[in-house]
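Down below is the structure, laid out as structure tokens.
Only the coordinates and a few stated rules stand behind these numbers; no lab work does. Because the structure is a prediction, the values reported are computed rather than measured. Cβ atoms come from the backbone with ideal geometry, glycine included; neighbour counts cover every protein chain shown.
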Amino acid sequence: MYVCVCNALDENTVREAARKNNGFQSAIKIYESLGVKPQCGMCLCDAQEICNMEKQSHQSQ
């Protein structure tokens, strides 16, 4: 599933970036790590939710 259509970022890409960058707490920082910026902004809530889930998963390990 695409999270960000503007940048062609799928859920797996965002999730993997969040795992690699577990210190990043915002979708904006994850996007920056991927070398892109949000365009229309419609994806930010979903991307942030993925980041939060990955952070929570990492903390519980």
Angle check, please: helix 11-20 long axis (alpha carbons) against the longest principal axis of the chain (alpha carbons), in degrees 0 to 90, nearest 10. 50 degrees
Residues in region 24-52, backbone N under 17 Å from the label point at residue 59 (7 Å along the Cα-to-beta-carbon vector): list them, ranges by number please. 24-27, 48-52
Between 0 and 90 degrees, rounded to the nearest ten: what's the tilt of helix 44-59 against the longest Cα principal axis of the chain? 20 degrees
What net charge is computed for the residues neighbouring residue 12, neighbours being all others with C-beta under 14 Å from the C-beta of residue 12, Lys and Arg scored +1, Asp and Glu -1? -2
Three principal axis lengths of the chain [C-alpha, angstrom, descending]: 33, 20, 15
With charges only on Cβ, +1 for K and R and -1 for D and E, what is the dipole size of the chain about its Cα centre, in debye, rounded to 20? 200 debye
Length-normalised contact order for region 2-59 - Cα pairs under 8 Å, 6+ apart - percent: 42 percent
Once Lys and Arg get +1 and Asp and Glu get -1 on their Cβ, which of 17, 44, 3 lies farthest toward the positive end of the dipole of the chain? 17
